Amino acid sequence: MKSPLLSLPGAVPAEGVDEGVAAHYGDLFREQRALADGTGFVDLSHRGVLTVTGDDRLSWLHLLLTQHVSDLPTGQATEALILSANGHIEHALYLVDDGTTVWAHVEPGSQEALIAYLESMKFFYRVEVADRTADTALVHLPAGSIAQAPDSAVVRETPYGRDLFLPREELEAFADRAGPPAGILAHEALRVEQHRPRLGFETDHRTIPHELGWIGTAVHLQKGCYRGQETVARVQNLGKPPRRLVFLHLDGSEVHLPPNGAEIRLADDGPDGRKIGFITTSARHHELGPVALALVKRNVPVDARLMAEETAAAQETVVEP
């Protein structure tokens, strides 16, 4: 969905999966600094929004999700995954229950497939699933923001800020009083700094939760059965994941950032060395310079010097080997 905020001064449209909102509004680093200081907002109105209502909503979702939500307190934010039968990540949901309804936002365009799966699992449970993307816009307020959330908004508060589920017709009026807008590139740069994975960026068709550090935040290890739990339990109890998420400081002398999917090799092996991983998200950070998240093989030494295509990279551990 194309956001009306693309008409704001300086707005440059984002591309790819984030098409429909602004990549930036003319000054990427200023926008990052504003968010880091707790001011402004990010238009995330392209993201999918769905709701689950009904008396059985929490107990039913508890059976399907990786997170323990059967007793989720009203207003408490959480996140959860849906896995394949083999334990690979298929969906990531960012949830809050307002007392009568579970609200969730998901990756742009993924809500239709997710809702189709949820509908197929309703059976006799008293639940209703609805796609609310057309009438609800997601807006992010950074941590420390003192902006007032409208009474009409459902608020999901996290350590990284507040997600507002806002009636779409109120988006422009909210933007007028919420402070300077920041684009998705600023939001993504801070996400990389915070080592937070994103579905479709840090994941591929074979990613399991352990590789990205989603155990604990999105996967509860003491809850009951759900699809893919066998893989989660086996890796947790008997083994190690085949890959691990790392944070990279990239050589700042390079003009171009290595793109998502750029192959990573050991610097000592040279350009003809074997591939040991790939870039998942790269960004220009207002303080740290060029940075990235990447997936590498678990046995890559934590102090090894890396090359992302032609760009030298120093790694920080996110997921322990």
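For the stretch 295-321, backbone nitrogen atoms closer than 16 Å to the point 7 Å from R206 Cα along Cα-to-C-beta are found at 295-300. The modelled label-to-label distance between D251 and R274, using points 7 Å beyond Cα along the C-beta direction, is 2.4 nm. Report the local net charge at D18: Lys and Arg +1, Asp and Glu -1, summed over other residues whose C-beta lies under 13 Å from its C-beta. Taking every other residue near D18 into account, the sum is -1. Projecting the Cα atoms of L250, A262, W214 onto the charge dipole of the stretch 175-270 (Cβ charges, centred on the Cα centre) puts W214 farthest toward the positive pole.
Here the gap between D71 and E15, fully extended at 0.36 nm per residue and compared with their Cα-Cα distance, gives a gain of 16.3 nm. Across the stretch 81-94, computed HN-Hα scalar couplings (Karplus, 6.51 cos²θ - 1.76 cosθ + 1.60, θ = phi - 60°) run 10, 10, 10, 6, 4, 8, x, 7, 6, 10, 9, 10, 10, 10 Hz from first to last residue, x flagging Gly and Pro. Just the protein heavy atoms count here, and of the accessible area of the chain at 1.4 Å, carbon and sulfur take up 51 percent. In the stretch 265-318, one over the average inverse separation of all distinct C-alpha pairs is 11.7 Å, which is the Kirkwood hydrodynamic radius. For K240, a cut-off of 12 angstrom between C-alpha atoms picks up these aspartates and glutamates, skipping any fewer than 8 places away in its own chain: E211, E320. Protection proxy ranking of 294-301, 28-35, by the mean of other Cβ atoms within 10 Å over each peptide's residues and highest first, is 28-35, 294-301. Computing mean projected area of the Cα convex hull in nm² directly from the structure and comparing it against [x] 16.3; [y] 15.2; [z] 17.7 singles out [x].
Between G161 and A143, the built amide H atoms are under 5 Å apart, and every one of these is 5 or more places off in sequence or on another chain. Summing +1 for each Lys or Arg and -1 for each Asp or Glu among the other residues whose beta-carbon sits under 11 angstrom from that of D269 gives +2. Computed from the Cα positions only, the extents of the stretch 225-320 along the three principal axes stand at 49, 31, 21 Å, in decreasing order.
Using 7 Å Cα-to-Cβ label points, what is the K2/Q229 separation (nm, one decimal)? Simple spin-label model gives 4.7 nm for this pair.
Using the 1.4 Å probe convention, the accessible area of the stretch 160-314 works out to 46 Å² per residue with neighbouring protein chains retained. Here the sum of -39500 (n - 2.57) over DSSP H runs of 4 or more residues, divided by the residues of the chain, equals -5000 deg cm²/dmol at 222 nm, to the nearest 500. Residues of the stretch 239-257 with an amide N closer than 16 Å to a point placed 7 Å from the Cα of A267 along the Cα-to-Cβ direction: 247-254.
The values are calculated or read from the model by the stated rules, or taken from the named source; none is laboratory data. This structure is a prediction, so every number in the text was calculated from the model and none was measured. A quick note on method: Cβ atoms are made from the backbone with ideal geometry, for glycine too, and the neighbour counts reach across all protein chains shown. Heads up: the accessible areas ignore ligands, DNA and RNA and are worked out on the full protein's heavy atoms, side chains in. Shrake-Rupley method; radii C 1.70, N 1.55, O 1.52, S 1.80 Å.
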